[in-house]
Amino acid sequence: MTSDKKNVSLLADLFIKKGLSDIIISPGSRNAPIVIAFTGEPSVNALSIVDERSAGFFALGMAQQSGKAVAVACTSGSAALNYAPAIAEAYYQKIPLLVLTADRPPELIERGYGQIIRQKEVYKNYIKASFELPVDIEDEETFKNTERMINEAINLTQFPEPGPVHINIPFREPLYGLTDELLKAEVVDYEKEPVNTEQYISELAGVFRKYDNILIIAGQQQKDEEFNTLLSTIVAKNVVVLSETTSNMHDDRFIDCIDNVISTIEANEASNFQPEVLLTFGGQVVSKMVKKFLRDHPPKEHWHISPSGEPMDTYFRLKRTVAANPKQVFSELLKVLPESSSTFFNTWRQRKELLVQRKNKYLGTIPYSDLQVFDFLLKHLPNQTNLHLGNSTPVRYSQLFGSQKKFAYFSNRGVSGIDGQVSTAAGNAYSNKNLHVLITGDLGFLYDSNALMNHYLKPNLKIIVINNSGGGIFRFIDGPAQSGHLEKFFEAKHNWKAEKIAKAFGLNYYNAENMDQLRVSFTNFLADQKAPAVLEIFTPAVKNGNILKGYFAYLKSKSV
């Protein structure tokens, strides 16, 4: 048995035939045909999550682990708008989502009926494509058009790069009808055009031969050991590679603490660090310092590698976008890449090594604070931890410590919003049995506390809340403190705690207010296998800001 609505019956059939299995449905009435069509299929893993915003991010987390599109389905009206933050994040982070929104039929739109907004192309500014299925399928031509539309929508979630795709599905009442008639659709796969990289490689090799000072910046991407090895081979040719924790690239020769280095470059030596050629790939880059440095000291040429041909002109110097897979480009480039004899690589490498010494010395002098807590956590989290970094203070702190091979790093840096951090980590933990640890701030945790209103939280999900009573980032950046409105309107100072929220939803709770307590609580927190757990670490807000400012001042000192 399935829904008697042919549009959604056809959709469910193609969903399964294309190898998809996961769908998250939020309760409602208008989406009843979706519930009936998908939950009636034994091969479909259907979850129920009440809050659409949380559901969208949970699906994003699942898709990060599987690499396949995860569907989300909601009723009509404002429910659809609640998907928007997760869709925007998926769009900019290139995560495959299939967004299914139930709708009223066209004749009832804008006529005063309840639970109605204009849903057609509602996400058009941050979606790969939008489709609307016909209400009725009564003839062969409509059947074929609908079949083609659904095929195209599902294909686009993966090609030429992954991302979210929207299908709006209008239904007429009654909504709960059943039928034995199972529609059979024909699968049409995406036609991949072969990418000829020969011309790109030839031109790039010419550029690399022309200039000595080559800089590669790795943006956000998922962990890929094969690609990591490839980039390590390239850096051996004296090419400078800048990476971040969210790049998931690990090599002692990579400059993986970008802000540490950039913050110490004096005006009279900036030209020594200025590249002639900049080659970038991957998603967003966290460091604001490197963006400003390269805008102020631009390369002669900037090439960006993007499978979809997206022109990411972050540094306002883009010359060419290479529409190809970065791993393919670097594999071919390695065959013709000459070894540079310039001092450029040593300039960056020596500065990094000096600053590692200064960083370690400074960490040995500071009192209990955010910086000391992060040093402890990153040292003591176990191997093969999936480490989720919340916005915005946690992901920035992590950059100061470099990238560690023992972690797979995740962070919602597509749009870099505060929303959905807990939900995304929960979706990852649901789909992957390894340890998943989220480090988030107090506001990030509280903002997404509906993530705990969820029947699918696993014991491998561990949430660390750094509670410094507000938005700590605003004590580090210029402006808010001088505005006279720091605590109320920027920092959003508060006395709220995570304990009762955690316990209300069945999570085990631990806390710490100093390093001695942290050592004990952290051990018990990680050893807890009975349920997902929260570790709340209270730190001093004012000291945190002063200590971090002191950190960057110490890096510039001549003490080591």
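Here are some notes:
- Pairwise Cα distances in the range 1-100 exceed 21 Å for 28 percent of all pairs.
- Computed from Cα atoms, the angle from the helix 225-235 axis to the main principal axis of the chain rounds to 40 degrees.
- In nm, spacing of pseudo-spin labels at residue 317 and residue 224 (7 Å Cα→C-beta vector): 2.5 nm
- For residue 233 and residue 288, a Förster radius of 35 Å and the Cβ-Cβ distance give a FRET efficiency of 0.70, rounded to the nearest 0.05.
- Enclosing the Cα atoms of the chain in their convex hull gives a volume equal to 162 cubic angstrom per residue.
- At q = 0.22 Å⁻¹, base-10 log of I(q)/I(0) for the range 118-184 (Debye sum, equal scatterers on each alpha carbon): -1.05
- As an equivalent ellipsoid, the range 315-362 spans semi-axes of 31, 16, 13 angstrom, where each value is the square root of five times an eigenvalue of the C-alpha gyration tensor, largest first.
- Considering only beta bridges that DSSP places wholly inside the chain, some 5 percent are antiparallel.
- Sites residue 78 and residue 173, calculated FRET efficiency, Cβ-Cβ separation with R0 25 Å, nearest 0.05: 0.80
- Ordered from longest to shortest, the equivalent ellipsoid semi-axes for the range 366-554 are 25, 18, 16 Å, each the square root of 5 times a Cα gyration tensor eigenvalue.
- Estimated translational D of the range 262-377 in µm²/s (Stokes, Kirkwood radius over Cα pairs; 25 °C; 0.890 mPa s): 145 µm²/s
- Near the amide H of residue 467, within less than 5 Å, lie the amide hydrogens of 537, 538, 539, all on another chain or at least 5 residues away, with H placed in the peptide plane.
- About its Cα centre, the chain has a charge dipole of approximately 2160 debye under the convention of +1 per Lys or Arg Cβ and -1 per Asp or Glu Cβ, with nothing else charged.
- Taken one residue at a time, the phi angles of the range 79-93 give Karplus couplings (6.51, -1.76, 1.60, θ = phi - 60°) of 3, 5, 5, 5, 6, 4, x, 5, 5, 4, 5, 5, 5, 7, 9 Hz. Gly and Pro are set to x.
- Label zone at residue 108 (point 7 Å along Cα-to-Cβ), backbone N below 12 Å, the range 175-195: 175-176
- Chymotrypsin sites (Phe, Trp or Tyr not before Pro) lying in DSSP loop within the range 306-406, provided at most 11 other Cβ fall within 10 Å: 316
- Cα gyration tensor, the range 198-347 - rounded (a/c under 1.5), prolate or oblate: rounded
- Hydrodynamic radius (Kirkwood) for the range 148-240, which is based on Cα pairs only, to one decimal in Å: 18.9 Å
- Sites residue 29 and residue 406, calculated FRET efficiency, Cβ-Cβ separation with R0 60 Å, nearest 0.05: 0.80
- Percentage relative contact order, the chain, counting C-alpha pairs under 8 Å, at least six apart: 13 percent
- As a proxy for reagent exposure, 262, 234 were ordered by neighbouring Cβ count within 10 angstrom, fewest first; the result is 234, 262.
- Those lysines that a straight Cα-Cα span of less than 16 Å connects to residue 503, excepting residues fewer than 8 apart in one chain: 458, 462, 530
- ³J(HN,Hα), Karplus 6.51/-1.76/1.60, whole Hz, each residue of the range 507-516, x for Gly, Pro: 8, 6, 10, 9, 8, 7, 10, 7, 5, 5
- Between the Cα long axis of helix 6-17 and the first principal axis of the chain there is an angle of about 50°, rounded to the nearest 10.
- Label sites at residue 17 and residue 416, each approximated as a point 7 angstrom past Cα along Cα to Cβ, lie 4.4 nm apart.
- Reachable lysines, given that their alpha-carbon falls under 16 Å from the alpha-carbon of residue 291 and they are not under 8 places away in the same chain: 300
- The number of Lys pairs in the range 65-161 with C-alpha atoms less than 23 Å apart, excluding pairs fewer than 8 positions apart on the same chain, is 9.
- Fully extending the segment from residue 152 to residue 524, taken as 0.36 nm per residue of separation minus the present Cα-Cα distance, adds 129.0 nm.
- Spin-label pair residue 356/residue 268, simplified geometry with 7 Å Cα→Cβ offset, distance in nm: 2.9 nm
- Loop sites here are GluC sites (Glu not before Pro) outside DSSP states H, G, I, E and B with no more than 13 other Cβ atoms within 10 Å. The longest part of the chain free of them is 340-560.
- For the range 2-175, the Kirkwood hydrodynamic radius comes to 15.7 Å, computed from all pairs of different C-alpha atoms.
- Added length on full extension, which subtracts the Cα-Cα distance from 0.36 nm per residue, residue 203 to residue 181: 2.2 nm
Where a number appears in this text, it was derived from the coordinates with a stated rule and is not lab data. Note that this is a predicted model, so its numbers are computed, not measured. Counting neighbours? That spans all protein chains shown, and the Cβs are built from the backbone with ideal geometry, glycine included.
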